[in-house]
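Asker: Handing you a structure now.
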Amino acid sequence: MKEQIGVMLSSSEVENRISEMAAAIDKAYEGKTIHLIGILKGSVFFMCELAKRMKSPVTMDFMSVSSYGDGTKSSGIVKLNKDLDESIEGKDVIIVEDILDSGRTLSYLVKLLGERKPASLEVVTLLDKPDRRVIPVDLYMTGFEIPDRFVVGYGLDCAQKYRNLPYIGVIEQ
Ligand code: 5GP
Ligand code: MG
Ligand code: MG
């Protein structure tokens with residue numbers, strides 16, 4: 001059976017919100033170079049759209065962790081698959097992530113990167129599912145708070161599919 005995808009947030013809703021976020025970050029970081037760290041692979045689309053709209057000087061790096069398997073349930077364990085290429089010491093770092101859910105991934109990353117002496121460290125996510133939080137995480141900014149539904153698109157996958165949908169969708173079976 002072919003899966004039907006419903007629209008939770010349209011492309012224009014997502015993109016308008018990303019423009020607002022970029023402007024707010026620029027304002028708060030005026031005069032600084034911002035080191036964006038994207039968490040592969042889910043954050044890639046959001047990170048590009050955010051960075052394209054920012055006027056501040058930006059540098060970028062990526063890391064890869066996994067907490068989910070191929071399904072829709074968290075394994076509860078965070079594994080570091082790919083570390084950063086460059087040191088973050090003395091840099092104004094923003095971790096860019098697709099979604100904050102249980103908080104396991106981001107609490108792990110904040111602790112890990114916090115130990116590497118960045119000048120500042122903040123977390124920005126496109127989406128936040130507050131109902132599912134197990135570990136608290138301080139978010140600097142989020143695009144949208146969403147209900148407890150499994151979403152795809154704009155970088156978010158289901159078994160590696162649907163990342164390229166240009167909107168945030170929900171799978172309707
Ligand atoms: P957490 O560690 O906060 O539970 O989960 C973070 C990771 O789980 C996210 O970076 C994302 O990869 C995945 N995740 C959480 N909720 C969803 C969702 O609704 N859809 C998709 N596709 N991935 C999700
Ligand atoms: Mg992710
Ligand atoms: Mg995934």
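Asker: Of all residues being under 13 Å from residue 7 (Cα atoms) and near ligand 1 (Cβ under 8 Å from one of its atoms) in region 147-161, which is surrounded by the most Cβ atoms within 10 Å (Cβ to Cβ)? Just the residue, please. Steps first, please.
Answerer: Restricting attention to region 147-161, the residues satisfying the condition of being under 13 Å from residue 7 (Cα atoms) are 149-154.
Next cut, near ligand 1 (Cβ under 8 Å from one of its atoms) only: 149-152.
On the way: 149: 13, 150: 13, 151: 26, 152: 22.
Step by step, filter region 147-161, then rank; the result is 151.
Asker: Continuing with this model, one more query. Among the candidates 88, 99, which residue alone is modelled with pLDDT of 95 or more, buried (at least 17 other Cβ atoms within 10 Å of the Cβ), of a type in the set (Val, Ile, Thr) and within 11 Å of ligand 3 (Cβ to nearest atom)?
Answerer: Values: 88 fails: within 11 Å of ligand 3 (Cβ to nearest atom).
Just a single option satisfies the conditions, and that option is 99.
Asker: With respect to the numbered conditions (1) among the hydroxyl-bearing types (Ser, Thr, Tyr); (2) surrounded by fewer than 11 Cβ atoms within 10 Å (Cβ to Cβ); (3) part of a loop (DSSP other than H, G, I, E, B), which one is the sole condition not fulfilled by residue 56?
Answerer: With respect to (1) among the hydroxyl-bearing types (Ser, Thr, Tyr); (2) surrounded by fewer than 11 Cβ atoms within 10 Å (Cβ to Cβ); (3) part of a loop (DSSP other than H, G, I, E, B), residue 56 is out only on (2).
Asker: When residues of region 19-60 are filtered for being in contact with a Ser or Thr (Cβ under 8 Å, 6 or more places away or on another chain), more than 16 Å from ligand 2 (Cβ to nearest atom) and not aliphatic (A, V, I, L, M), how many remain?
Answerer: Residues in region 19-60 being in contact with a Ser or Thr (Cβ under 8 Å, 6 or more places away or on another chain), more than 16 Å from ligand 2 (Cβ to nearest atom) and not aliphatic (A, V, I, L, M): 10 in total.
Asker: Tally up the residues in region 14-47 that are over 22 Å from residue 160 (Cβ atoms), part of a helix (DSSP H, G or I) and in contact (Cβ under 8 Å) with a residue 60 or more places away in the chain, please.
Answerer: Residues in region 14-47 being over 22 Å from residue 160 (Cβ atoms), part of a helix (DSSP H, G or I) and in contact (Cβ under 8 Å) with a residue 60 or more places away in the chain: 5 in total.
Asker: What is the one condition in (1) β-branched (Val, Ile, Thr); (2) within 23 Å of residue 112 (Cα to Cα); (3) surrounded by 15 or more Cβ atoms within 10 Å (Cβ to Cβ) that residue 5 does not satisfy?
Answerer: (2)
Asker: Please determine whether any residue of region 116-131 is near ligand 1 (Cβ under 10 Å from one of its atoms), part of a loop (DSSP other than H, G, I, E, B) and within 30 Å of residue 4 (Cβ to Cβ).
Answerer: There is at least one residue in region 116-131 that is near ligand 1 (Cβ under 10 Å from one of its atoms), part of a loop (DSSP other than H, G, I, E, B) and within 30 Å of residue 4 (Cβ to Cβ).
The values are calculated or read from the model by the stated rules, or taken from the named source; none is laboratory data. Fair warning: this is a prediction, and the values are worked out from it, not measured in the lab. Don't worry about glycine lacking a Cβ; one is built from the backbone with ideal geometry, like all the others, and counts go over all protein chains shown.
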